[in-house]
Amino acid sequence: MQLVTWNTQWCCGLDGVVSPQRIVQHARALADFDVLCLQEIAVHYPALEGNAGHDQVALLRALLPGYQVFFGAAVDEWTPDGQRQRFGNLIATRLPVLQLQHHPLPYPADAGVRSMPRMCTVATVRDPGLGAVRVMTTHLEFYSKRQRMAQARALRVLHAQACAHAVAPPEASGDGSPFQSKAHTPHAVLCGDFNFEPHEPEHAAICAPAGADDSEGAPLGMRLWDSWRLLHAAAPQPPTFRLYDRRYGPEPGSCDFVFVSDSLKGRVQRFVVDAATQASDHQPVAVSIA
């Protein structure tokens, strides 16, 4: 499986130009992706820098023939004049899709702190070599550390619950109803912009052994692993944020990650950061899992 993940900043480059086409072109140059995960995709937000007033989901769908495109709106709201606006994450894949889920993430109150709702989109796809894989993409809160930690812990719980279903599936059903059997799998890839760095406690929370919290309901050992660290141990991950644009901090940092399940930890073969492009304020990441 070839996967690319990228926070696109509503497809706005550092030149101020909003271009979904440029995002797709750069992603294709980075990898012949089976799965493309994009964060910060906007629908009808003309006030954003560069004017992102168009429907970027529709534009990206047209730019990706042969791919199924799924959009999960973390924010879904209407302007006073009745215009619907949406902002969230997108998964495009040329692999067969078995199931799609959208999970709102925790949004605890944090008085006076700028924030917005966050969510995780999960597409279970069938890879020819790996079988069923849950591809999870998300974008965690930037300003509120309280919300970000709650969201990181919730992602680990979502993974643990899915692993528990794979070990102890519900009653089998082939009746064609919504109760019919689902594709439960321990294989998972969790990617996106997490807005924390590798040394921060939110990273440790995601990578903590599942089962430590009884509410997770998963067997001990079911956990998530940082793909970069699996390949490069203690070597620092190349920066994916603030490399060229320092509005959000003085130094480059890494906050775009690809985590994999226990069942895939020995299958990560490649992890590449495109450090050259300025088509967004983040750098895209490509991984190969086989």
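Here, each number is a calculation from the coordinates, and none is a lab measurement. From a predicted model like this one, the values you see are computed outputs, not experimental measurements. As a convention, Cβ positions derive from the backbone with ideal geometry for all residues, glycine included, and neighbour counts pool all protein chains shown.
Tabulated data for the structure shown
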quantity	calculated
Dipole of the chain, positive direction: furthest Cα of Y45, G176, P96, with charges on the beta-carbon	P96
DSSP beta bridges in the chain [antiparallel fraction, %, rounded to 5]	85
Convex hull of the chain built on C-alpha atoms - directionally averaged projected area, nm²	16.0
With 10 Å bins from 0: P(r) over segment 133-290, alpha-carbon pairs, percent	10, 36, 33, 15, 5, 1
Average Cα contact separation per residue, the chain, under 8 Å, 6 or more apart, as relative contact order %	19
Table column - 3J(HN,Hα) (Hz), segment 117-134, Karplus curve with 6.51, -1.76, 1.60, x for Gly and Pro	x, 10, 8, 10, 9, 10, 10, 8, 10, 10, 8, x, x, 9, x, 6, 9, 7
Solution diffusion estimate, µm²/s, Stokes-Einstein, segment 1-75, Kirkwood Rh from C-alpha pairs, 4 °C, viscosity 1.567 mPa s	102
Beta bridges per DSSP with both ends in segment 103-190, % antiparallel, nearest 5	75
Evaluated at q = 0.16, 0.23, 0.27, 0.28 Å⁻¹: base-10 log I(q)/I(0), Debye formula over Cα of segment 230-290	-0.56, -0.95, -1.15, -1.20
